[in-house]
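To start, the structure itself, in structure tokens.
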Amino acid sequence: MNLNNLRSHFEFNKQQRSGILFLAGIIIALLCIYYFVDFSEKNILDTSSEEIVVLRSQIDSLRAVEIENRKPKVYPFNPNFITDYKAYTLGMSTEEYDRLKHFRDKEQWINSVADFKRVTKVSDSLLQAISPYFKFPEWVTHPRSKKKKQSNSITERSYAQKTDLNKATEVQLQEINGIGKALSKRIVLYREKLGGFTDDIQLNAIWGLDRSVSQKVLNRFTVKTPVRIEKMDINTISASDIATIPGISFDLAKKIWEYRVLHEGISDFSELEKIEGLSPLKLQLIQLYLYL
């Protein structure tokens, strides 16, 4: 290569030298900016500030309230009448509900938290959560004192001395030890539903009325104006007819009907004792409505 040609590449005129100098200055300026200017992004929002902390606390509180509002509401209830769905919402297992149902099918009653624990065998944690909502009848939660009970004890009255149970008022019923406002009203309402009592045994079908208390009622009251019932032939009626009897569900009526069909008739009411769910009391009650 010719040395003169190579030298021509390094020879610049005044305008070119000025351009090179200007370019070098720009490069040096950019390098200075790069090394000495802080380009890191600053956090405009300080999450640790007092205002942010207060707002976050308020949002958390509102979220907690909303979660609580979405939970199913639990209202006071009588544990004797828990349905399978109610048991599910309360957190009871199938086995625990079945124990309660089997206990109630025997016409027995839960009258305390301890009774509920003994029958269902629920865990202590679940019992502690649901027991505050238990609501028992007035005669269970506010029993009369033993002293007053002794003062009300009387000798057996004759039929003539007793008052007609179909004419007894709520006030008269409340004079019996063990009968409060709620229970006396329930007796009168049940009597109105039946159109009047036909037999003293119907008093025992009233929910919450203990047998010992019903005996006290029947020592002062008795059915003197019985309501006439058109009895039905148990060997010819349908399951729907049997279900019209007060206190008899359609499932139980169907069992009675199926038993009659299977055995080609019923010759004695005692045969029905074999039917599951038909308690001795219900057997006595249906005999007021049926005949052989």
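Please report, in cubic angstrom per residue, the volume enclosed by the convex hull of the alpha-carbon atoms of the range 79-136. If you can, show how the numbers build up before the last one.
Numbers: hull volume 4.2 nm³, N = 58.
Taking the convex hull of the Cα positions in the range 79-136, it is 72 Å³ per residue.
Using only the Cα atoms of the range 180-292, what semi-axes does the equivalent ellipsoid have when each is the square root of 5 times a gyration tensor eigenvalue? Give whole Å, largest first.
Values: eigenvalues 155, 40, 32 Å².
Values for the range 180-292, descending: 28, 14, 13 Å.
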ask   = If amide H atoms are built 1.01 Å from N in the plane of the peptide, which residues on other chains or at least 5 residues away come under 5 Å of the amide H of THR163?
value = PHE221, THR222
remark   = Checked against the positive end of the charge dipole of the chain (+1 on Cβ of Lys and Arg, -1 on Cβ of Asp and Glu, about the Cα centre), the farthest of LEU292, GLY208, ILE33 is GLY208
request  = Between LEU165, LEU21, LEU183, find the one with the highest GNM mean-square fluctuation for the chain; connect C-alpha pairs within less than 10 Å.
outcome  = LEU21
query = Which of these, GLU138, GLU68, GLU51, has the largest mean-square fluctuation under a Gaussian network model of the chain (Cα springs below 10 Å)?
reply = GLU51
ask   = Of the residues PHE77, PHE22, PHE103, which exhibits the maximal mean-square fluctuation in a Gaussian network model of the chain defined by a 10 Å Cα contact cut-off?
value = PHE22
query = What angle, in degrees between 0 and 90 and rounded to the nearest 10, separates the Cα long axis of helix 50-70 from the longest principal axis of the Cα atoms of the chain?
reply = 30
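Please state the charge dipole magnitude for the chain, taken about the Cα centre, from unit charges on C-beta atoms (+1 on K and R, -1 on D and E), reported in debye and rounded to the nearest 20. Write out the running numbers ahead of the final one.
Details: 42 positive and 36 negative charges, 212 e Å.
It works out to roughly 1020 debye.
Please compute one quarter of the surface area of the Cα convex hull for the range 240-286 and express it in square nanometres.
Working: hull surface 12.0 nm².
Computed as one quarter of the Cα hull surface, the answer is 3.0 nm².
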Theoretical ellipticity at 222 nm over the chain - DSSP helices of four or more residues, -39500 (n - 2.57) apiece, nearest 500 = -14500 deg cm²/dmol
query = Just for the Cα atoms in the chain, what are the lengths along the principal axes, largest first, rounded to whole Å?
reply = 151, 56, 33
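Every read-out reported here was derived from the displayed coordinates using simple, explicitly stated rules and does not represent laboratory data. Quantities reported herein were computed from a predicted structural model and do not represent experimental measurements. A quick note on method: Cβ atoms are made from the backbone with ideal geometry, for glycine too, and the neighbour counts reach across all protein chains shown.
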